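The values are calculated or read from the model by the stated rules, or taken from the named source; none is laboratory data. As the structure is a computational prediction, the values presented were derived from the model and not from experiment. Neighbour counts are summed over all protein chains in view; Cβ atoms, including those assigned to glycine, are modelled from backbone coordinates with ideal geometry. Ligands, DNA and RNA are excluded from the accessible area calculation, which covers all protein heavy atoms including side chains. Shrake-Rupley method; radii C 1.70, N 1.55, O 1.52, S 1.80 Å.
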Amino acid sequence: SEQHTEQHAPWRGWLRFRCRDVHENERAGISAGRGSTVTSDLILSIDAGTTGVTALVVDASAQVVASGYREFEQHFPAGDRVEHDLGEVWSATIAATREALESIDRAAVVAVGITNQRETWCLWDRETMGSPRKAIVWQDRRTAPLCDRLRSEGHEALIADRTGLRLDPYFSGTKALWIAENEPQHWAHVTNGRVAMGTVDSYLIARMTRGLEHVTDATNASRTLLFDIHTGAWSADLCSIFDVPESALPTVVSSYGQVAVTDPAVFCGLEVPIAGIAGDQQAALAGQAGFSEGAAKCTYGTGSFLLVHTGSTPKPSSNGLLTTVALKHPDGRLDYALEGAIFVTGSAVQWLRDGLQIIDNAPEVEDLARSVPDSAGVVFVPALTGLGAPEWDPRARGLIVGITRGTTRAHIARATLEAIAYEVRDVVDLMSEEGGVELERLAIDGGAAANDLLCQMQADQLRIPVDRSAELQTTGVGAAFLAGLGVGIWKDIAELQHARTSSGVFEPHDVSDVNDDAYQRWRRAVERSKGWAEGD
């Protein structure tokens, strides 16, 4: 995504290929006995990810009946910086939505749900909707020195207690402070009220309503370092630390329920309620029907994000996990989750394709990895944007070790899939050791979950069943579930518990078959990758 997922970018072509026949049948009007167009109540879901925007149309039986997708450009102004042009994000949103609406009756759309990459920080003019600067993306590492300074000033304990998060460049508050200290010309418009700030959902809602609404939900707010997850409100103390005027921030609303109405003049002719909002990983948890305590999911996308629902009480973590809001109900109740955030998984495969150019497309990595029995001692630590959980080292850098003259691209491909499985194991082990959370099974989704070899590796490493969702784009489906709840398509959460279906369960091989020596090599390699950019 984290949000977020974005989830599917390296695998997008494969997913579209696999879904092509379903979508062609929908366009032909032969799904579920329908006529030439779909006429039942439909939900439009906008999934604004890190590399593109997906629009899904979901019907009342929780089936995806149409979709659209548009990529947008990634901007890298420096080695540790990642930015998005908000105008390009909006254009991609409109294009993806138009594509999704082509084969359906627009009049049947009764609600819009929105999910998004979570920690990316956006500024826009309240009147013109133009942005004075590009958005700073969650992957951006420029604020590492700011985090060090705030830590040395003694703020980390308060921040951790109020937010459940860490001082890390990943989160939005440090990005806001960086703009305040480095771009006073832009910050002056923030403080005088002309420019609004928020996460990507807030920006999209402002555009969809032609500037009338400035809102976010609690799941997105809980990723900013500015939101008190105990009181469910912006914290004046935290806003002071990060020099953020509360007046520039959006109103925090529930994750489902009607909060705004789209303006047909600017949003594809649609005048419908926006009734579901959630950050990408919380939306994926909803898409996996993870509404009850103990439910766990992992989304394999650009990064991988493992969330475990912990009920109505936030469970603190002191060693690498995040405590975050899982859902805000319309009556104000908050549900919480423990999260392990892994920054680079699917994007490591994308790097094999675009950087090393040893594969032509993402699905090819599975066949290439299967062509060798193991990685022959090669270990790849994909710390391409630092390390997230459990190390939280923004200065770690990618590392490939164990290379010999016999090393081939197949060994590197297999080491890449192993790394993804190891990273998730690191988080699951930490949840067990620190949080007392023992998983009995893991629900998975996201583009990289289409890889059977990866799924089996993951089951073997975790030694529990791995249950792959039949709908890999659960982030968008989760936003649709929330919007459907918001307008009454589903009467309550219990009705959604049965909506999730599986495409297969991967059982772990016999424990004796799991090579734990390889995992210990991984842990040694991780230690060597840490602090590599210390002198930069």
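Taking each pair of distinct Cα atoms in the range 221-278 once, what is the resulting Kirkwood hydrodynamic radius in Å? Could you put the intermediate results ahead of the total?
Values: mean 1/r = 0.0753 Å⁻¹.
Taking every pair of different Cα atoms in the range 221-278, averaging 1/r and inverting gives 13.3 Å.
Could you tell me what fraction of 2.2 N^0.38 Å the Cα radius of gyration of the range 460-518 comes to, as a two-decimal ratio?
Values: Rg = 16.9 Å, N = 59, 2.2 N^0.38 = 10.4 Å.
For the range 460-518, the normalised Cα radius of gyration comes out at 1.63.
Give, rounded to the nearest 20 debye, the magnitude of the charge dipole that the range 316-414 has about its Cα centre when Lys and Arg contribute +1 at Cβ and Asp and Glu contribute -1 at Cβ.
Values: 9 positive and 11 negative charges, 56 e Å.
For this selection, approximately 260 debye.
If you keep only loop residues by DSSP, which trypsin sites (Lys or Arg not before Pro) in the range 192-266 have at most 12 other Cβ atoms within 10 Å of their Cβ?
none
Express in Å², to the nearest 10, the accessible area of residue 241 obtained by rolling a 1.4 Å probe over the protein heavy atoms while all chains stay in place.
Residue 241 has an accessible surface of roughly 30 Å² with all protein chains in place.
Where only protein heavy atoms count, and the probe is 1.4 Å, what is the accessible area per residue for the range 126-186 in Å²? Display every interim value, and only then the final one.
Numbers: 2280 Å² over 61 residues.
Heavy-atom SASA per residue in the range 126-186 reads 37 Å².
Points 7 angstrom from Cα along the Cβ direction at residue 494 and residue 509: gap in nanometres?
About 4.4 nm, to one decimal.
May I have the convex hull volume per residue, in Å³, for the Cα set of the range 413-508?
Values: hull volume 10.5 nm³, N = 96.
Enclosed volume per residue, from the Cα hull, is 109 Å³.
Fully extended, how many nm does the chain gain between residue 127 and residue 523 (0.36 nm per residue separation, minus their Cα-Cα distance)? Each step should come with its number before you reach the end.
Working: separation 396, 0.36 × 396 = 142.56 nm, distance 5.13 nm.
Answer, rounded to one decimal: 137.4 nm.
Normalise the Cα radius of gyration of the range 89-200 by 2.2 N^0.38 Å (N = residues in it) and let me know the number.
Working: Rg = 17.8 Å, N = 112, 2.2 N^0.38 = 13.2 Å.
Output field value: 1.35.
If amide hydrogens are placed 1.01 Å from N in the peptide plane, which non-local residues have theirs closer than 5 Å to the one on residue 387?
The list, which skips near neighbours in sequence, is 393, 395, 396.
Which log10 I(q)/I(0) values does the chain give at q = 0.06 Å⁻¹ under the Debye formula, counting every alpha carbon as one identical point scatterer?
The computed values of log10 I(q)/I(0) come out as -0.25.
Whole-Hz Karplus ³J(HN,Hα) for the range 49-66, in order, using 6.51 cos²θ - 1.76 cosθ + 1.60 and θ = phi - 60°, x for Gly and Pro?
Karplus values, whole Hz, x for Gly and Pro: x, 7, 10, x, 10, 10, 10, 10, 10, 10, 9, 6, 9, 6, 9, 7, 10, 6.
Counting DSSP beta bridges in the chain, what percent are antiparallel, to the nearest 5? Let's see the in-between values first.
Details: 53 of 75 bridges.
Rounded to the nearest five, the antiparallel share is 70 percent.
Project the alpha carbons of the range 235-372 onto their principal axes and report the range along each, largest first, in whole Å.
Largest to smallest, the principal-axis extents are 54, 47, 36 Å.
Using only the alpha carbon atoms of the range 147-210, find the Kirkwood hydrodynamic radius as the inverse mean reciprocal pair distance, in angstroms to one decimal. Before the final figure, lay out the partial values.
Values: mean 1/r = 0.0736 Å⁻¹.
Answer for the range 147-210: a Kirkwood hydrodynamic radius of 13.6 Å.
Spelling out what I want: for every residue of the range 74-87, take phi, set θ = phi - 60°, compute 6.51 cos²θ - 1.76 cosθ + 1.60 (Karplus), and round to whole Hz; glycine and proline get x.
9, 10, 10, x, 7, x, 9, 10, 9, 9, 10, 7, 5, x
In a Debye calculation with equal point scatterers on the alpha-carbon sites of the range 384-423 and no solvent, what is log10 I(q)/I(0) at q = 0.34 Å⁻¹?
Reported log10 I(q)/I(0), two decimals: -1.14.
How large is the translational diffusion coefficient of the range 291-367 in µm² per second when you combine the Kirkwood radius over alpha carbon pairs with Stokes-Einstein at 4 °C and 1.567 mPa s? Please list the in-between numbers first.
Working: Rh = 14.4 Å.
Using the Kirkwood radius from Cα pairs, D works out to 90 µm²/s.
Note the per residue figure in Å³ for the convex hull of the C-alpha positions in the range 311-465. If you can, show how the numbers build up before the last one.
Working: hull volume 20.9 nm³, N = 155.
Roughly 135 Å³ of hull volume per residue.
In whole percent, how big is the carbon plus sulfur part of the accessible area of the chain, probe 1.4 Å, protein atoms only? Don't skip to the end; give the middle numbers.
On the way: 8630 of 18780 Å².
Exposed carbon and sulfur together represent 46 percent of the surface.
Using the crude model of +1 on Lys and Arg Cβ and -1 on Asp and Glu Cβ, and no other charge, please compute the dipole size for the chain relative to its Cα centre, in debye to 20. Write down the numbers at each step before the final one.
Numbers: 47 positive and 73 negative charges, 133 e Å.
About 640 debye.
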